[in-house]
1. Among (1) closer than 18 Å to Pro41 by Cα; (2) more than 16 Å from ligand 4 (Cβ to nearest atom); (3) touching a Ser or Thr at 6+ places or on another chain (Cβ under 7 Å); (4) assigned to a loop (DSSP other than H, G, I, E, B), there is one condition Leu117 misses while meeting the rest; what is its number?
2. Regarding Gly180, is this residue small (Gly, Ala, Ser), in contact with a His (Cβ under 7 Å, 6 or more places away or on another chain) and crowded, with 16+ Cβ neighbours inside 10 Å?
3. Assess whether Val16 counts as being crowded, with 18+ Cβ neighbours inside 10 Å and more than 16 Å from ligand 3 (Cβ to nearest atom).
4. Can you name the strands (runs of 3 or more DSSP E) wholly within segment 278-329 that have at least 3 residues being crowded, with 21+ Cβ neighbours inside 10 Å and either more than 16 Å from ligand 2 (Cβ to nearest atom) or aromatic (Phe, Trp, Tyr) (or both)?
5. Restricting to segment 496-511, and then to whatever is more than 20 Å from Ser8 (Cα to Cα) and either within 16 Å of ligand 1 (Cβ to nearest atom) or β-branched (Val, Ile, Thr) (or both), can you tell me which residue is surrounded by the most Cβ atoms within 10 Å (Cβ to Cβ)?
6. Quick check on Tyr321: is it within 16 Å of ligand 1 (Cβ to nearest atom) and either hydrophobic (A, V, I, L, M, F, W, C) or under 25 Å from Arg413 (Cα atoms) (or both)?
7. Failed condition for Glu502, given (1) farther than 22 Å from Gly443 by Cα; (2) in contact with a Gly (Cβ under 6 Å, 6 or more places away or on another chain), with all others met?
Amino acid sequence: GGSGHGSSRLLGFAEVPISTADAVVVPEGYTVQVLIPWGTPLARNGPAWKKDGSNSAADQTLQVGMHHDGMHFFPTGRGSDANREGLLVVNHEYVDQKLLFPDGDAVLTPEKVGKALAAHGVSVIAIRQQGGKWTNVDSRYNRRVTGATPVTFSGPVTLRHAELASNNAALGTLNNCANGHTPWGTYLTCEENWNSYFGTTDTTWTPSAAQSRYGVSAAGGGYKWHTADARFDVAKNPKELNRFGWVVEIDPFAPKSTPVKRTALGRIKHEGATVVEHDERIVVYTGDDENGEYLYKFVGSQSWKKLRREGRSPLDHGTLYVATFADNGTGTWVPLVFGQGRLTAAAGFTDQADVLLRTRQAADAVGATKLDRPEWVTVHPRTGDVFVSLTNGTSGSTAVNPRKTNIYGHILRFREKKGNCTELSFTWDIAFYAGDPSYLPEGEFVPANQPLFGSPDGLWVDPDGRLWIETDVSNSSQNLATRKYDHIGNNQMLAADPGTGEIRRFLTGPRGSEITGITATPDGTSLFVNIQHPGEATAFFGEPTPANPRAVSNWPDFDPAGRPRAATVVIRRKDGRKIGS
Ligand code: FEO
Ligand code: CA
Ligand code: CA
Ligand code: CA
């Protein structure tokens, strides 16, 4: 690993080593506290967590969901209490059905699909800190949004659109990966691998070109919900698919409000939705996380404050663009607007709703640049530099994806013209390469003293300018020599100084887990990070079974009769100072 003793003034902690332990490890002088693991009741008198997986679907609707991902801390306290009281809004990306049910996932029933739906979505939970310890508390704001919560649509694609209209109510959000938050205080949750929930046993069904472009298949992604709930049968309910793939806005301060799918932001496998503004016009960056997919941004057409005063949503009024990256380090944003460029009737597009419903095909038509799986986007609060994690992929040898087989990933940086995020051209470079120099050529470009890591995913530049990097090495690669990941250990979080290029490893996670989601109190003394899918099968640690769900991990309870649980962890310093400094 790296020396961890560079000279960056931003990085003030001692590096932690590579780990294969079933633990969260943080630097000396820091503490870790587990908060709101999967199954925690939202109310004190709510249904208690049952460690054998036997909580019902109804119980799960009143408990924290599974597999925490993106999240944001909204302070509710005033003054210095802003650092002690707030709403933690957390995505629950997907479910591990081997762990979700007491009898595993061989056979699905309507009750089991109901529980799986209830374990997806978003949790809004009031939390409070006393004496350095955080707890979740009863609050009128506490709520669950699940795969079965009524939702509404806004923007150019409506529920009346022929491709969405059906007798089924519009319900739920699924595969809520990363997130965003708006200047007006709402939360954005992003639908990523939604196609995997749909399938059919109808052997006469074949996917349309539009369905294939998003990976919709008869087999689905292994959830088998279509065998127990016709809503997820693509042959019986083909419109249901088109209700997913959107960015969803939730107002955490209006617990009775209906989540809104904001269709002007396009339909892709959204990783996150990072919002910035210039002269009151908002810009939303969003990656489409699949090998060879694209990077997008939405640019608001008018002042968001003016639109809000008029009772209109700033997320409904603007233009969606897709990025092209030239090999000479420049790039442009190309509009995805019906009637402009190649998005015409002659090319098969019917209107703006059609362009947005088939965003990937529209981006293909305008010649967008394929990327190695664009995941999180973060914007430096002072320099305006935009960082994008390209986690891994094989999208080919262009300057922006310089490795032909990119198993370790890299972090792209670009600067919008004049530092103005609403501009339509930019310059770019590669800020950091991940990798293991002992494996060449994949270790090419990696400084010899850089800490070993791979598959960067979660990113956040904190208010001081530290770039936090969270990794998501897949469980099929973790710790394996055959995948060139045997020197890298469990997934981790690192901090980088974008000015000096130094990276230092800050945290390592439990076995089988991914590190994701990152948010902090305004004073930076409590940092919240999510531990997703601890105990997920890895080729290295073995496959869990219903009889032995702990084959890989039993974090965080370490109860011999229990099972691993995704959770938020809160990181603090024993001296109470700012994290990372
Ligand atoms: Fe859900 Fe691309 O990570
Ligand atoms: Ca991710
Ligand atoms: Ca990932
Ligand atoms: Ca994940």
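1. Here Leu117 clears every test but (4).
2. Values: small (Gly, Ala, Ser): yes; in contact with a His (Cβ under 7 Å, 6 or more places away or on another chain): no; crowded, with 16+ Cβ neighbours inside 10 Å: yes.
Spelling it out, it is not the case that Gly180 is small (Gly, Ala, Ser), in contact with a His (Cβ under 7 Å, 6 or more places away or on another chain) and crowded, with 16+ Cβ neighbours inside 10 Å.
3. Values: crowded, with 18+ Cβ neighbours inside 10 Å: yes; more than 16 Å from ligand 3 (Cβ to nearest atom): yes.
Taking the combined requirement at face value, the residue satisfies it.
4. Ranges flagged: 281-287, 295-300, 318-325.
5. Going through segment 496-511, the residues more than 20 Å from Ser8 (Cα to Cα) turn out to be 508-511.
Among the residues that remain, those that are also either within 16 Å of ligand 1 (Cβ to nearest atom) or β-branched (Val, Ile, Thr) (or both) are: 508-509.
Numbers: Thr508: 24, Gly509: 30.
In this case the residue turns out to be Gly509.
6. Working: within 16 Å of ligand 1 (Cβ to nearest atom): no; either hydrophobic (A, V, I, L, M, F, W, C) or under 25 Å from Arg413 (Cα atoms) (or both): yes.
Here the answer is no, as Tyr321 does not meet what is asked.
7. Among (1) farther than 22 Å from Gly443 by Cα; (2) in contact with a Gly (Cβ under 6 Å, 6 or more places away or on another chain), Glu502 violates only (1).
Results for (1) at pLDDT below 95; (2) farther than 30 Å from Leu452 by Cβ, shown as yes or no for each residue.
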site	(1), (2)
Ser7	yes, no
Leu11	no, no
Ala23	no, no
Gln33	no, no
Lys50	no, yes
Gly53	no, yes
Ala58	no, yes
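The values are calculated or read from the model by the stated rules, or taken from the named source; none is laboratory data. Worth saying up front: this structure is predicted, and the values here are computed from it rather than measured. Here Cβ is always computed from backbone atoms with ideal geometry, including for glycine, and neighbour counts include all displayed protein chains.
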